[in-house]
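The values are calculated or read from the model by the stated rules, or taken from the named source; none is laboratory data. Computed from a predicted structure; not experimentally measured. Don't worry about glycine lacking a Cβ; one is built from the backbone with ideal geometry, like all the others, and counts go over all protein chains shown. The protein model used for the area step is the full one, side chains on, heavy atoms only, and it has no ligands, DNA or RNA in it. Shrake-Rupley method; radii C 1.70, N 1.55, O 1.52, S 1.80 Å.
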Amino acid sequence: MRLSQVCRIKVLYYGLGVLMVIGFTLQILGIYFPKRFPKILPLHLVTEDPLPSYRTCQPKQHLMFLKTHKTAGSTILNLLQRYGERNGLVFALPYEYEFNYPYSFQSHDVKGYNASSPPHYDIMCHHMRFNYSEVRKVMPPDTFYFTILRDPANVAESSFSYYRYWTMAFKKAPNLKAFISHPSRYYKPGDINNNHALNPVWFDLGFDSDAPFTETYAKSGIRAVENIFNLVLLAEYFDESMILLKEELCWDLNNVVTFKLNSRETSKTLDREDIEKLREWNKLDWNLYSYFNHTFWDKVERFGRARMDYEVKKLKEIRQQLAKLCLEGSGPVMAEQIKEKALKPYQPETEKILGWVVREDLLHEVRISCTRMVTPEHQYKDLLDTHQFSLGASNDSVVAPTPVGIIGRV
């Protein structure tokens, strides 16, 4: 064979390899080109579900996510926003950045909702104080309901730091240690934003967070949650939660890849005694968490431990690949290091919230998808609002919103 022929074959193989890498990347990012572009080769990712050929379900697209406070909900919100945008779904959006929180949700809190001729909505996912009867007026009958919980001690530590000057019970306490030692000394029912200081998740679920703990009341709340919500996730086991979520929704692994959003620069490590005190103070939340921790691991067992470990490993691999492709540096950075205003997370007075820097040297379409993965929730909400209520608007950029208040921003 002539040398020139050998060289041509090598060039062809090299070109094919480049195309395969590009196709692999675009499939992960979920980029869809207009019809004028040639179709990308249908490559199968090594990170796909282990047994995709056995799945006969249809992807669920009617979703209601109750975003509880300080429980990694912002990261889940982002994956729902991306999935909905990519698939042309309609969001039930608040007028601002939450559904009139901390007041109980009402259907008229949804922008554009008309009771006499209700519009069709696919996804509801912003902060609210849950009110099932009103949510049902907005969402389709086959809606999949899910939420996320976190150990109340961790919620309390994070809430004290984030809401330090907005929650009266926290504001009265000289420091976290003092609050943990004598919470009832600083807590008064009805004080401003005190819903963050006692059983905050119980409150978000629509229950009375000031009610004294009784086994009967706690069990009635658990039954209500179990009857309404199809899945309850755990923040401490976020990757396992994403695997269970994609399985329930009949999604593939790429749909639940995320970068951690709204994380704090620092957090305090609690000792065992403080953890126990905070769990006792937030006893309704702790009882709820304990119960659904048990049901969570029952679901993992039914899913299969070996399969769970395999899929979590693959999920982490995709995340690492996308971080290398999309991001500058290996981790989140301080807001002042982010040049793009649309990617700067909201900064409360008491905390430094970290964000991400997207690489500049990316193809335009790839950079848009990378940017979406790290767009803070308020900017993303504004983007979706523009899509749904402003015809002809550009969807390549978002404008950072003007802060309108602290409650519901986490």
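Values for this structure:
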| read-out | value |
| --- | --- |
| Residue in segment 359-369 that is among the aliphatic types (A, V, I, L, M), within 24 Å of TYR163 (Cβ to Cβ) and outside any helix (DSSP H, G or I) present | no |
| Some residue of segment 320-338 being under 21 Å from VAL256 (Cβ atoms) and of a type in the set (Lys, Arg) | yes |
| Unique match (being polar (S, T, N, Q), in contact with a strand residue (DSSP E or B) (Cβ under 8 Å, 6 or more places away or on another chain) and surrounded by fewer than 18 Cβ atoms within 10 Å (Cβ to Cβ)) among THR295, THR216, THR269 | THR295 |
| Segment 186-205, residues that are surrounded by fewer than 21 Cβ atoms within 10 Å (Cβ to Cβ) and in contact (Cβ under 8 Å) with a residue 12 or more places away in the chain | TYR186, TYR187, LYS188, PRO189, ASP191, ILE192, ASN193 |
| Test: residue in segment 161-183 that is among the hydroxyl-bearing types (Ser, Thr, Tyr), over 26 Å from PHE99 (Cβ atoms), open to solvent by 40 Å² or more (accessible area, probe 1.4 Å) and without any contact (Cβ under 8 Å) to a residue 12 or more places away in the chain | no |
| Positions within segment 93-120 being touching a His at 6+ places or on another chain (Cβ under 8 Å) and within 30 Å of ASN194 (Cβ to Cβ), in sequence order | LEU93, PRO94, TYR97, GLU98, PHE99, TYR101 |
| Boolean, LEU343 is open to solvent by less than 30 Å² (accessible area, probe 1.4 Å) and among the hydrophobic types (A, V, I, L, M, F, W, C) | yes |
| Given (1) closer than 23 Å to ASP298 by Cα; (2) modelled with pLDDT under 95; (3) buried (at least 20 other Cβ atoms within 10 Å of the Cβ), index of the condition ASN262 fails | (1) |
| Verdict on LEU325 being over 27 Å from ILE123 (Cα atoms), outside any loop (DSSP other than H, G, I, E, B) and open to solvent by 20 Å² or more (accessible area, probe 1.4 Å) | yes |
| Positions within segment 138-159 being more than 17 Å from the chain's Cα centre (by Cα), open to solvent by 30 Å² or more (accessible area, probe 1.4 Å) and among the charged types (D, E, K, R), in sequence order | ASP142 |
| Scope segment 104-116; condition assigned to a loop (DSSP other than H, G, I, E, B) and open to solvent by 10 Å² or more (accessible area, probe 1.4 Å); matching residues | GLN106, LYS111, GLY112, TYR113, ASN114, ALA115, SER116 |
| Top-ranked residue of segment 382-403 - restricted to ones that are modelled with pLDDT of 50 or more and closer than 15 Å to LYS344 by Cβ, ranked as most open to solvent (accessible area, probe 1.4 Å) | ASP382 |
| Residue list for segment 271-285, filter: more than 10 Å from PHE213 (Cα to Cα) and not in a helix (DSSP H, G or I) | ASP271 |
| Some residue of segment 224-236 being in a helix (DSSP H, G or I), open to solvent by less than 50 Å² (accessible area, probe 1.4 Å) and of a type in the set (Asp, Glu) | no |
| Condition met for ASP274 (surrounded by 17 or more Cβ atoms within 10 Å (Cβ to Cβ), among the acidic types (Asp, Glu) and more than 23 Å from the chain's Cα centre (by Cα)) | yes |
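A quick yes/no check of all residues on (1) crowded, with 23+ Cβ neighbours inside 10 Å; (2) assigned to a helix (DSSP H, G or I); (3) more than 19 Å from the chain's Cα centre (by Cα):
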position: ILE76; (1), (2), (3): yes, yes, no
position: ARG82; (1), (2), (3): no, yes, no
position: LEU89; (1), (2), (3): no, no, no
position: GLU96; (1), (2), (3): no, no, no
position: PRO102; (1), (2), (3): no, no, yes
position: PRO118; (1), (2), (3): no, no, yes
position: HIS126; (1), (2), (3): yes, no, no
position: ARG136; (1), (2), (3): no, yes, yes
